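The values are calculated or read from the model by the stated rules, or taken from the named source; none is laboratory data. None of these values were measured; they are calculated from a predicted model. Don't worry about glycine lacking a Cβ; one is built from the backbone with ideal geometry, like all the others, and counts go over all protein chains shown.
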Amino acid sequence: MRWDRDHQSRDIIDRRGQRGPSRLGGGGGGGGLGLLLGLALRTRYGWILIVGAVLYYLFVGAGDRGDQAGLAPAQAPAAGAPAAPGDEMARFVGFVLDDVQDTWAAMPDLGVPYQRARLVLFTGTTATACGLGDAATGPFYCPGDQLVYIDLDFYRALRERLGAPGDFAQAYVIAHEIGHHLQNLLGTSEKVQRAGRGHGEDGLSVRLELQADCYAGVWAHSAQARGLLEVGDVDEALTAAAAIGDDTLQRQAGGRVRPETFSHGTSAQRVRWFKTGLDAGRPSACDTFSAERL
């Protein structure tokens, strides 16, 4: 992906190096398999479903942190300090965040004025309006404070353990989370919460996640039209989408595939809806809730 390495985002909150709250229940890496099928954070804002914990417990382990898809590794700053000049990964995340949000802000007929979200970089744990944010949960969006949270070590798992390398795979993750922010602004998330998310192959939770994948594809369409994509970038995003499908994660966990427990969609569905957004380039193509076939 072509990006400005001198870019500084005003919407990045860097909490790396700060001491966060203690993990609930003592933490530890032993609970991953038990969390595989139904992990959620219970908050007054509803159920926030998180697939990232599966990746962390199953695939990250206690290994040391390497560089991220050819980018220089992030260096944790002192508490409250801005990202260091050599912190290329943080700059990349900030560039993608701003580009995704600039795309939505300029989108015609969005239906609502776009309000920018911010993104928190953290390590370990951090306080959120949705409860304790833990590196074990992977990237997530909290509607209560309209913040995206990410521990950059997630990208190592994506690359090394799930076979989804590349900077555009990483960009897809950010675009997906901003897709959830857009759903929050549009009122989609609230409607799903009131109706009850409902798991399963075509449950509302799955449709919500697939719509966020489609929104990520809409941004990718714009990035491609503006010449930001390089050869192989789309394949990187598709590989990442396939790697975190419910069925693929369940197989890699060593269990049988249980469609009744799906919360994010199959690998094929995630790929299909990202490509739908990529091909169409408009959010109206992302109506997963009316689709007969996911």
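Listing for the model above:
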quantity: Evaluation of G200 against (1) on the phi > 0 side of the Ramachandran plot; (2) outside any loop (DSSP other than H, G, I, E, B) (one fails), failing number; calculated: (2)
quantity: Candidates T126, T103, filtered to the one that is assigned to a strand (DSSP E or B), more than 13 Å from the chain's Cα centre (by Cα) and of a type in the set (S, T, N, Q); calculated: T126
quantity: Count of residues meeting criterion [more than 20 Å from P139 (Cβ to Cβ), among the hydroxyl-bearing types (S, T, Y) and touching a Leu at 6+ places or on another chain (Cβ under 8 Å)] in the stretch 255-286; calculated: 1
quantity: Contacts under 8 angstrom Cβ, first residue in the stretch 241-255 being closer than 16 Å to A164 by Cβ, partner of a type in the set (D, E) and buried (at least 17 other Cβ atoms within 10 Å of the Cβ), 6 or more apart; calculated: A241/D213
quantity: Given (1) closer than 21 Å to Q170 by Cβ; (2) loosely packed, with under 14 Cβ neighbours inside 10 Å, index of the condition G255 fails; calculated: (1)
quantity: Among the candidates R258, R293, R282, residue that is more than 18 Å from the chain's Cα centre (by Cα) and free of Cβ contacts under 8 Å to residues at least 12 places away in the same chain; calculated: R293
quantity: Evaluation of Q211 against (1) crowded, with 21+ Cβ neighbours inside 10 Å; (2) over 23 Å from V148 (Cβ atoms) (one fails), failing number; calculated: (2)
quantity: Breaking point among (1) charged (D, E, K, R); (2) in a loop (DSSP other than H, G, I, E, B); (3) within 23 Å of Q115 (Cβ to Cβ), for R194; calculated: (2)
quantity: Residue within the stretch 64-87 that is under 18 Å from the mean Cα position of the chain (by Cα), part of a helix (DSSP H, G or I) and either modelled with pLDDT of 90 or more or not aliphatic (A, V, I, L, M) (or both) present; calculated: no
quantity: Any hit, the stretch 247-266, residues being assigned to a loop (DSSP other than H, G, I, E, B) and either modelled with pLDDT of 95 or more or among the β-branched types (V, I, T) (or both); calculated: yes
quantity: Hits in the stretch 180-198 - residues which are of a type in the set (A, V, I, L, M, F, W, C) and at pLDDT below 90; calculated: A195
quantity: Condition met for S222 (among the polar types (S, T, N, Q), surrounded by fewer than 24 Cβ atoms within 10 Å (Cβ to Cβ) and either over 24 Å from F289 (Cα atoms) or modelled with pLDDT of 95 or more (or both)); calculated: yes
quantity: Exclusive hit being touching a helix residue (DSSP H, G or I) at 6+ places or on another chain (Cβ under 7 Å) and at pLDDT 95 or above, set E201, E230, E236, E177; calculated: E236
quantity: Index of the failed condition, G138 passing every other in (1) touching a Phe, Trp or Tyr at 6+ places or on another chain (Cβ under 9 Å); (2) surrounded by fewer than 24 Cβ atoms within 10 Å (Cβ to Cβ); calculated: (2)
quantity: Selection count, the stretch 85-131, where residues are of a type in the set (A, V, I, L, M), out of contact with any helix residue (DSSP H, G or I) (no Cβ under 6 Å at 6 or more places or on another chain) and over 16 Å from I13 (Cα atoms); calculated: 4
quantity: Test result for L208, aliphatic (A, V, I, L, M) and within 18 Å of the chain's Cα centre (by Cα); calculated: yes
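A quick yes/no check of all residues on (1) outside any helix (DSSP H, G or I); (2) in contact with a Ser or Thr (Cβ under 9 Å, 6 or more places away or on another chain); (3) buried (at least 22 other Cβ atoms within 10 Å of the Cβ):
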position: G144; (1), (2), (3): yes, yes, no
position: Y155; (1), (2), (3): no, no, yes
position: E160; (1), (2), (3): no, no, no
position: R207; (1), (2), (3): no, yes, yes
